[in-house]
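Have a look at the structure below before the remarks.
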Amino acid sequence: MGISAEGKGNGKEFVSHAPGYWSRDGGIAAEQWNDWKWQLKNRITSLAQLDEQIELSEEERAGVLLSGDKLALAITPHFFNLVPREKNPDDPIRRQVIPRIEETWTSPYDMADPCGEDSHMPVPGLVHRYPDRVLFLVTDRCAAYCRYCTRSRVVSGAGEQELHTDFEEAFRYLEEHTEVRDVLLSGGDALIFSDDKIDKLLSRLRAIKHIEFLRIGTRVPIFLPQRITPELCAILAKHHPLWMSVHVNHPRELTIEVKEALERLANAGIPLGNQSVLLAGVNDDVETMKTLVHKLLMCRVRPYYLYQCDLINGSSHLRTSVAKGIEIIEGLRGHTSGYALPQFVIDAPGGGGKVPINPGYVLYHDHEKIVIRNYEGKIFEYPETGNERVQPAPQREYHDEYLYS
Ligand code: SF4
């Protein structure tokens, strides 16, 4: 404790920002600061609170005033300390959590439900799109709200729809659907539930014999690392195999407290993956992403997905070109450890699921050979022999058909 939010370098180091903005007037006691319920109770949720701490731009001020009708404003003290005091609306942390007027702009591509979840919901709150796995939306609340949230239509309770998860009906559905072997808990964020509620929910799912694998998608370890208590870790460890996908976009989010929280989860035997969203002005350059993936590995988190930003309403100012994502993967593959490399994906608009997008490493492929290039641009041939029944992927034909139809 004791270091302010200012002067925190380039994000390569793990640093603590606590108590930062909360150091004024004698500061805040460490027990309070480290209490996740205190963090939730003391979130930044209003224009007046923001005005007390930082100078907003006109775009931010207007965005904050309108956020009550769309996606609420909420930032935990821990995460708010990552926002520098100086007026810099382009700061990558600030862009993720402080609303801007651009959220009210509409682009012709914007959608309320870009992943087509509502049309794949057999039971309120349960999305069943793939044969063997489901997405269980267990709450509409998060520790803080990301301005590009793909579920902003329901998350935070301020948007155009409400989430009415029917837990009993969902459990019944899962009991009847023996093909479901994998359940992903998301929302919202399940880790803002009490220990007891999390334990009961996981126990109920674990009682369904054909469910092999549980996953939790969460940003709590990043927004609210204080929530990752030894008690919570012990509860989670009772329900293995349980995996977790965290969500970090910028290396500065990986503070000392976050690193320690991730280590507690890893020590509880929970395999950790990270899902980043590619965001303009946040992480859309190779160096930032390289720093991020290296820091993730140091926290024992495997970079898992890099998402092209969904076409969610009001996110056009945060979206990049797809070419930018390909350029970033090109800049990582071969240039750093393979474990550090996330898969770049587009969640196909309308509900097509995740589609991997890769730089073009296959230059040519027929029944005799495949021509490939490596990360340095050097070209190699590999013979296509030994199994004549294998059909090379008809990439070229499909491409032509698509272009000229
Ligand atoms: S934590 Fe996840 S669900 Fe919550 S606002 Fe951020 S992206 Fe949306």
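The values are calculated or read from the model by the stated rules, or taken from the named source; none is laboratory data. Keep in mind the model is a prediction, meaning the values are calculated, not measured. With ideal geometry, Cβ positions are generated from the backbone for all residues, glycine too; neighbour counts draw on all protein chains shown.
Residues in region 337-351 that are more than 26 Å from Asp110 (Cα to Cα) and either surrounded by fewer than 16 Cβ atoms within 10 Å (Cβ to Cβ) or not assigned by TED's automatic domain parsing to the domain that holds Asp285 (or both): Ser337, Gly338, Tyr339. Of the conditions (1) exposed (fewer than 13 other Cβ atoms within 10 Å of the Cβ); (2) assigned to a loop (DSSP other than H, G, I, E, B); (3) among the aliphatic types (A, V, I, L, M), Ala48 clears all except one; give me its number. Among (1) exposed (fewer than 13 other Cβ atoms within 10 Å of the Cβ); (2) assigned to a loop (DSSP other than H, G, I, E, B); (3) among the aliphatic types (A, V, I, L, M), Ala48 violates only (2). Pick from region 283-306 the residues that are within 16 Å of the ligand (Cβ to nearest atom) and in contact with a Phe, Trp or Tyr (Cβ under 9 Å, 6 or more places away or on another chain): which of them is nearest to Arg319 (Cα to Cα)? So, considering only residues that are within 16 Å of the ligand (Cβ to nearest atom) and in contact with a Phe, Trp or Tyr (Cβ under 9 Å, 6 or more places away or on another chain), the one nearest to Arg319 (Cα to Cα) is Leu306.
Of the numbered criteria (1) modelled with pLDDT of 95 or more; (2) under 18 Å from the mean Cα position of the chain (by Cα), the one Gly353 fails is (1). What is the residue count in region 94-124 for residues that are within 17 Å of Thr320 (Cα to Cα) and under 18 Å from the mean Cα position of the chain (by Cα)? Looking only at that region, the number is 3. Of the candidates Val127, Val183, the single residue that is more than 16 Å from the ligand (Cβ to nearest atom) and within 19 Å of the chain's Cα centre (by Cα) is Val183. Of all residues in region 181-236, those satisfying the criterion of being polar (S, T, N, Q) and under 21 Å from Val134 (Cα atoms) are Ser186, Ser203, Thr218.
When region 19-36 is filtered for residues that are over 19 Å from Leu50 (Cβ atoms) and either surrounded by fewer than 18 Cβ atoms within 10 Å (Cβ to Cβ) or modelled with pLDDT under 95 (or both), the ones remaining, listed by number, are Gly26, Gly27, Ala29, Ala30, Glu31, Gln32, Asn34, Asp35. Taking region 376-392 as the range and being at pLDDT below 95, surrounded by 10 or more Cβ atoms within 10 Å (Cβ to Cβ) and under 37 Å from the mean Cα position of the chain (by Cα) as the test, only Pro392 passes.
Is it true that some residue in region 164-174 is hydroxyl-bearing (Ser, Thr, Tyr), in contact (Cβ under 8 Å) with a residue 12 or more places away in the chain, buried (at least 16 other Cβ atoms within 10 Å of the Cβ) and within 11 Å of the ligand (Cβ to nearest atom)? Within region 164-174, not a single residue is hydroxyl-bearing (Ser, Thr, Tyr), in contact (Cβ under 8 Å) with a residue 12 or more places away in the chain, buried (at least 16 other Cβ atoms within 10 Å of the Cβ) and within 11 Å of the ligand (Cβ to nearest atom). The condition of being of a type in the set (S, T, N, Q), under 30 Å from Ile93 (Cα atoms) and either more than 16 Å from the ligand (Cβ to nearest atom) or in contact with a helix residue (DSSP H, G or I) (Cβ under 8 Å, 6 or more places away or on another chain) (or both) holds for only one of Thr218, Thr150, that being Thr218. The set of residues in region 51-102 being out of contact with any Phe, Trp or Tyr (no Cβ under 8 Å at 6 or more places or on another chain), in a loop (DSSP other than H, G, I, E, B) and among the polar types (S, T, N, Q) consists of Ser57, Asn88.
With the condition kept exactly as written, say whether any residue in region 311-325 is aliphatic (A, V, I, L, M) and free of Cβ contacts under 8 Å to residues at least 40 places away in the same chain. Within region 311-325, one or more residues are aliphatic (A, V, I, L, M) and free of Cβ contacts under 8 Å to residues at least 40 places away in the same chain.
Scanning region 319-368 for residues that are touching a Phe, Trp or Tyr at 6+ places or on another chain (Cβ under 6 Å) and within 27 Å of Cys146 (Cα to Cα) gives Gly325, Ile329, Pro342, Gln343, Val345, Ile357.
Taking helices (runs of 4 or more DSSP H) as the structural unit, those lying wholly within region 156-269 and holding at least 1 residues that are more than 17 Å from Cys146 (Cα to Cα) correspond to 167-176, 195-206, 230-237, 256-267.
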